[in-house]
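Right, I'll just put the structure down here and ask away after.
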Amino acid sequence: MSKKRKISVRKIIQVLITLVVTSACIVAVLSASKIEDTKKLAGIDVQISNEKTCHFLDKNELLKTLTDKQLEGLPIKKLDIGDIEDSLHANCWTGDAQVYIDNARMMHVCVTQRVPVARIFEASGNSYYLDTTLNPVPLSTKYVYYTVAVTNVPHMIDDSAGKAMKASIIKLVRTIEKDTFWNAMVSQIMVDSVYGFQLMPVLGNHIIMLGDTSRLKEKLNNVFLFYKNILNNIGWAKYEILDVRFKGQLVASPALQYKAPGKVLSNMDWVKSMIEQGAKNEGLDSAVNKKTIKIPVEKAIKRYKA
């Protein structure tokens, strides 16, 4: 015969106590949560994380938008955080928005503005900014963000061709911005008839024909070497087009009415200072062209100095 198991009164008491304590804790938590939900919102704090970078969004205007919703004084349980975030994202200059409520019943609103990378001027006359996400940012009537201007841009829809053009613009602008010399030298980027890019420098009357953005650093370095070794010695009015679209060469087209200067222009000192800062970019082989005859850089330098 099997032995009967003895029932431990002590264990039964321990189980009952555990159940009672657990139930009490659950009730306390639910009650506290219910009480907390009935408490009203104490206030709203708005912060713009990148407010020093640009000024499309105004903290006071955002606060007014939220106070117009009469959120302050509402019970916590009636606040729809997701709906509040959606209303902030509806602003065309908002990149991101996070909303949370702390233990003091304060609502914290953290907003990040969209930062333009380039100012786009379409051939049709339409103008807007382009941000890092390849999305258009509308202009503001209260604030102008100064950045690189890209002109004669075709209308870009959200298809593969439009995205490719936007990506090329971002790549070109970013490359120019990261280089000390070119950031100071380029005043405008233009799109040509075959959707290639041209640069308009602040000094000289020439245009730099880049073509697409392949081998971009090599192309810019070739022009840099041409500036340093040739134009800086003979003056900056001789050529009207510098073409670096093709690999391993620079084709320079002379201006029709060029007169050699008696001496190098005085404003060359400013260019020299930029060249010294950008000297780190030197090192790639280049070639120049005079009257469509390709000449290696070393020979071209000797010829112009002779």
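Tally Lys/Arg at +1 and Asp/Glu at -1 over every other residue whose Cβ is under 14 Å from the Cβ of N60; what's the total?
Working: positive: K59, K64, K142; negative: D45, E51, D58, E61, D68.
That sum, taken over residues with Cβ under 14 Å, equals -2.
Given region 43-113, what percent of its DSSP beta bridges are antiparallel, to the nearest 5? Mind dumping the intermediate values first?
Numbers: 7 of 13 bridges.
About 55 percent, rounded to the nearest 5.
Taking the Cα atoms of region 161-233, report the difference between the largest and smallest coordinate on each principal axis, in whole Å and largest first.
42, 25, 20
Just order 79-85, 90-96 by mean Cβ neighbour count inside 10 Å, highest at the front, would you? Write down the numbers at each step before the final one.
Details: 79-85: 13.7, 90-96: 15.7.
Peptide ranking by packing, descending: 90-96, 79-85.
Something else now. In vacuum, with every alpha carbon of region 78-184 counted as one equal point scatterer, what does the Debye formula give for log10 I(q)/I(0) at q = 0.23 Å⁻¹? Two decimals, please.
For the requested q values the scattering log ratios are -1.24.
Skipping prolines and chain starts, which residues have an amide H placed within reach, meaning under 5 Å, of the one on A118, given they are 5 or more residues away or on another chain?
Excluding prolines and chain starts, which carry no amide H, the hits are L130.
Given R₀ = 41 Å, what would the calculated FRET efficiency be for C110 paired with D192, taking r from the Cβ atoms and rounding to 0.05?
Values: r = 43 Å, r/R0 = 1.05.
Step by step, r from the Cβ atoms, then E = 0.45.
Could you tell me the ratio Rg/Rh of region 43-113? Both radii from Cα atoms, Rh via Kirkwood. Working shown, then result.
Working: Rg = 11.7 Å, Rh = 12.4 Å.
Using only Cα positions, Rg/Rh for region 43-113 is 0.95.
Could you give me D for region 102-249, from Stokes-Einstein at 4 °C and 1.567 mPa s, where the hydrodynamic radius is the Kirkwood radius over C-alpha pairs? Units µm² s⁻¹, please.
Numbers: Rh = 17.0 Å.
Rounded, D is 76 µm²/s.
Tell me, what ³J(HN,Hα) does each residue in region 168-181 have, in order and in whole Hz, if you take phi through Karplus 6.51 cos²θ - 1.76 cosθ + 1.60 with θ = phi - 60° and put x for Gly and Pro?
5, 4, 4, 4, 5, 5, 4, 4, 5, 5, 7, 9, 4, 5
Given a cut-off of under 8 Å on Cα pairs at least six residues apart, what relative contact order in percent is computed for region 82-234?
Working: 213 pairs, mean separation 20.2, N = 153.
Over region 82-234, the number comes to 13 percent.
None of the figures in this text is laboratory data; all of them are computed from the coordinates on show. What you are looking at is a predicted structure, and each value in this text was computed from that prediction instead of being measured. No Cβ is skipped: glycine too gets one built from the backbone with ideal geometry, and neighbour counts run over all protein chains shown.
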